[in-house]
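Beneath this line is the structure, given in structure tokens, with notes to follow.
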């Protein structure tokens with residue numbers, strides 16, 4: 001009788017039975033992988049991260065083209081000449097100006113304007129296998145703005161007071177056109193700021209000039225009306241002429257009477273020379289009587305002279321105020337022109353010919369480094385927690 005399949009005297013199975021028994025399945029490949037991961041968790045983690053990063057940057061990541069523009073904000077203030085380029089570009093502006101321009105480029109207003117011009121939502125929502133480089137056509141304004149800011153990058157060079165704009169897009173043409181539109185819209189924004197600043201600077205001076213002009217016109221009209229009512233261009237001059245004429249005639253009459261008295265010392269009263277002098281004296285007396293009659297007719301001449309002189313003083317003061325206001329307005333206008341700002345293009349938007357993003361190897365290595373650092377940080381944290389709990 002065969003002894004195969006029977007136990008020996010110690011109860012151990014026969015060797016033939018062991019050879020015929022099927023191998024035991026202890027979990028297969030998955031069990032082996034789990035055991036390997038448990039033995040070397042860091043290696044397993046890095047292999048998974050490398051596989052995912054390589055798949056994304058090697059296959060999934062969508063190529064993007066970058067168009068870059070550089071410009072500065074300058075003013076027309078007079079500065080010491082340092083060369084032809086400095087004279088053409090004007091004086092540099094403060095950091096506040098380029099910061100305001102950078103905020104405008106990042107603003108919802110700029111994003112909405114570019115969407116209306118170039119339909120950026122449609123461009124950003126085109127189907128792609130890269131889920132990180134697309135948005136829904138019906139995305140909210142906030143999501144669209146966040147996506148826009150990831151593709152329109154604004155940098156400030158504080159030392160050179162310049163603004164750097166980089167536009168990422170999925171075609172060279174769209175990147176170039178969008179960057180050019182941003183530059184055009186920025187120029188319009190700066191021009192509007194300069195216009196508002198100019199109007200604010202000139203508003204006060206222009207108001208004072210208009211007020212002084214109105215006062216000067218009123219004073220001139222008052223003088224003209226006074227002259228028209230009296231038919232006298234200058235009552236003060238007319239009064240002076242009248243008084244001066246009386247004085248001259250009185251002096252002439254006194255001189256003639258003296259000559260007559262001197263002549264009578266050696267001539268008869270009816271002498272021809274005496275009669276001639278008496279006739280001259282009578283004529284002078286007649287002229288004096290006529291002037292006295294004019295003075296009597298113009299009894300209110302002093303008051304008229306006073307009123308006229310008052311109007312003259314008011315007109316002179318008004319004209320002086322007008323001249324001062326005109327000088328102040330010219331100074332304000334010159335100041336406004338010096339403070340006027342404009343965009344000085346340093347580098348115009350380029351038309352890219354090759355994609356510059358993503359930089360696959362660099363970004364892949366960066367992802368690996370950050371993943372390793374994250375693992376180490378997590379391991380240290382877990383170790384610290386276990387040590388604290390006494391595990």
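The values are calculated or read from the model by the stated rules, or taken from the named source; none is laboratory data. Being a predicted model, the structure only gives us computed values, none of them experimental. Positions of Cβ are backbone-derived with ideal geometry, glycine not excepted, and every protein chain shown enters the neighbour counts.
Here are a few things to note about the model shown:
- Pairs, first within 21 Å of residue 288 (Cβ to Cβ) in the range 254-276, second at pLDDT 75 or above, C-beta under 6 Å, six or more apart: 256/277; 256/280; 256/281; 259/277; 260/277
- The single condition from (1) at pLDDT 90 or above; (2) touching a strand residue (DSSP E or B) at 6+ places or on another chain (Cβ under 8 Å); (3) surrounded by 15 or more Cβ atoms within 10 Å (Cβ to Cβ) that residue 147 fails is (2).
- Residue check for residue 106: loosely packed, with under 12 Cβ neighbours inside 10 Å and touching a helix residue (DSSP H, G or I) at 6+ places or on another chain (Cβ under 8 Å): no
- In the range 51-73, residue surrounded by the most Cβ atoms within 10 Å (Cβ to Cβ) [restricted to those that are in contact with a strand residue (DSSP E or B) (Cβ under 8 Å, 6 or more places away or on another chain) and farther than 26 Å from residue 189 by Cβ]: 64
Yes/no matrix, rows are residues, columns are (1) closer than 19 Å to residue 117 by Cα; (2) surrounded by 17 or more Cβ atoms within 10 Å (Cβ to Cβ); (3) not assigned by TED's automatic domain parsing to the domain that holds residue 119:
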residue	(1), (2), (3)
155	no, no, no
160	no, no, no
182	yes, yes, no
187	yes, no, no
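- Just one of the listed residues (354, 316, 324, 366) is exposed (fewer than 14 other Cβ atoms within 10 Å of the Cβ) and not in a helix (DSSP H, G or I), namely 354.
- Residue in the range 156-167 that is in a strand (DSSP E or B), over 30 Å from residue 332 (Cβ atoms), over 18 Å from the mean Cα position of the chain (by Cα) and modelled with pLDDT of 85 or more present: yes
- Count of residues meeting criterion [at pLDDT 85 or above and touching a helix residue (DSSP H, G or I) at 6+ places or on another chain (Cβ under 8 Å)] in the range 55-88: 10
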